[in-house]
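**Student:** To start, I am sharing the structure in question, which I have written as structure tokens.
A short reminder: the numbers here are calculations on the coordinates, not readings from a lab. Because the structure is predicted, anything quoted here is derived from the model rather than measured. As a convention, Cβ positions derive from the backbone with ideal geometry for all residues, glycine included, and neighbour counts pool all protein chains shown.
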Amino acid sequence: MINKWVRSLSLVFVILAGILLGLFSALAWGAGDFIAKRTVDKIGPYVTLFYMFLVGTVLLGLLTFFVIGTAGPLDRWMILVILLSSILGVLGYFCLYYGFQIGFLSVVSTITAAGTIVPVGLLLLILQEWPTRIQLLGIVLIILGVTLVSFKRQPEISPAILKKRLGVIPAIFSALFFGSYVVLIKIVSLKTGPILPIFIVRGMGVILIGLTLIYRKEMTPPPKATWKYLLAIGVLDAAAFLAFTVGITRTLVAIVAPLSSLFTLVTVILARVILKEQLAFHQKWGFWMVLIGVLTLSSQ
């Protein structure tokens, strides 16, 4: 009887931890992406990415230095998985930030958030995780709600707006890259812990984006006015990914991944508060669908 209660309490703790970690990553990602969009518009995606990766590398490098002893021995297969996941992560970031530059923030973030379907679907096959019916309903409501909240009609379709719709293409690739990255990063994190793989991704990003900047002859310090934004983006993104990786490693991916997709909702709220944007009727419906989806997941 006591063992049954202990197992029940453990399950409740795992689910609650997954919800909290997923929501935290959503808040940090949402705020970070909102700041990133405005920074990308000023200095471009390459410079923004480079310094975002650099800040994350320094912060996570310090954490890695103190906890590296907890990582198990790595074989050749695991090293290959780490390198592949790092490349996928960097490609996902590049497509996301490039989409921010050429497309609508709401459209790009929505498609990227929908990429949670990729890890959930693949992990059902690889790691045999399966959400309950109620959790599955919550996942569907969240994805639909995020889509409605992020979409806003344009009264007039100008050539500039049509051109911005090209942001859909890098957003799709970003969703696919990030979705595949999540699957691999969970496998790696189970072996090494959550910090090391995130650190390697950012280190790989510094190298790859840095080489790109050198090739493009754009390796110059950013304007001083943007440093505080670059620092904020780096800290928020590293914290979000750390919380997300801990969540998918220690709790259920089927809970953490959809909740983390709420970063789009956070972006919309920030736009409403800071930029005084109004929610359309269908966006309000999406907002309530997201809340109901979160409550549905929280009740399990």
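**Student:** Given a Förster radius of 35 Å and the C-beta distance between TRP227 and ARG272 as r, what FRET efficiency does 1/(1 + (r/R0)^6) yield to the nearest 0.05?
**Tutor:** My answer for the efficiency is 0.80.
**Student:** Which FRET efficiency value, to the nearest 0.05, is calculated for PHE65 and ASP41 with the Förster distance at 35 angstrom and r the Cβ-Cβ distance?
**Tutor:** Computed FRET efficiency for PHE65 and ASP41: 0.50.
**Student:** Where does the range 166-251 land on the Kirkwood hydrodynamic radius, alpha-carbon pairs, in angstrom?
**Tutor:** About 14.9 Å, per the Kirkwood formula over Cα pairs.
**Student:** Gain in length, ARG250 to ILE292, computed as 0.36 nm per residue apart minus the alpha-carbon separation, to one decimal in nm?
**Tutor:** 12.6 nm
**Student:** Then there is this: Mind giving me the nanometre distance, one decimal, between the label points for LEU20 and THR212, set 7 Å out from Cα along Cα→Cβ?
**Tutor:** Going by the 7 Å Cα→Cβ label model, 3.6 nm.
**Student:** OK, next. Can you tell me the length gained on complete extension of the stretch PHE281 to VAL235, counting 0.36 nm per residue apart and subtracting the Cα distance?
**Tutor:** Using 0.36 nm per residue and subtracting the Cα-Cα distance, I get 13.1 nm.
**Student:** Test of the criteria: in the range 178-255, which trypsin sites (Lys or Arg not before Pro) are in a DSSP loop and have at most 15 other Cβ atoms within 10 angstrom of their Cβ?
**Tutor:** ARG216, LYS217
**Student:** Could I ask something else about it? Assuming R0 = 30 Å, what is the FRET efficiency of ASP75 and LEU9, from their Cβ-Cβ distance, to the nearest 0.05?
**Tutor:** Here the calculated transfer efficiency is 0.25.
**Student:** Another question, if that's okay. Ranked from highest to lowest mean number of other Cβ atoms within 10 Å per residue, what is the order of the peptides 256-264, 57-65?
**Tutor:** 256-264, 57-65
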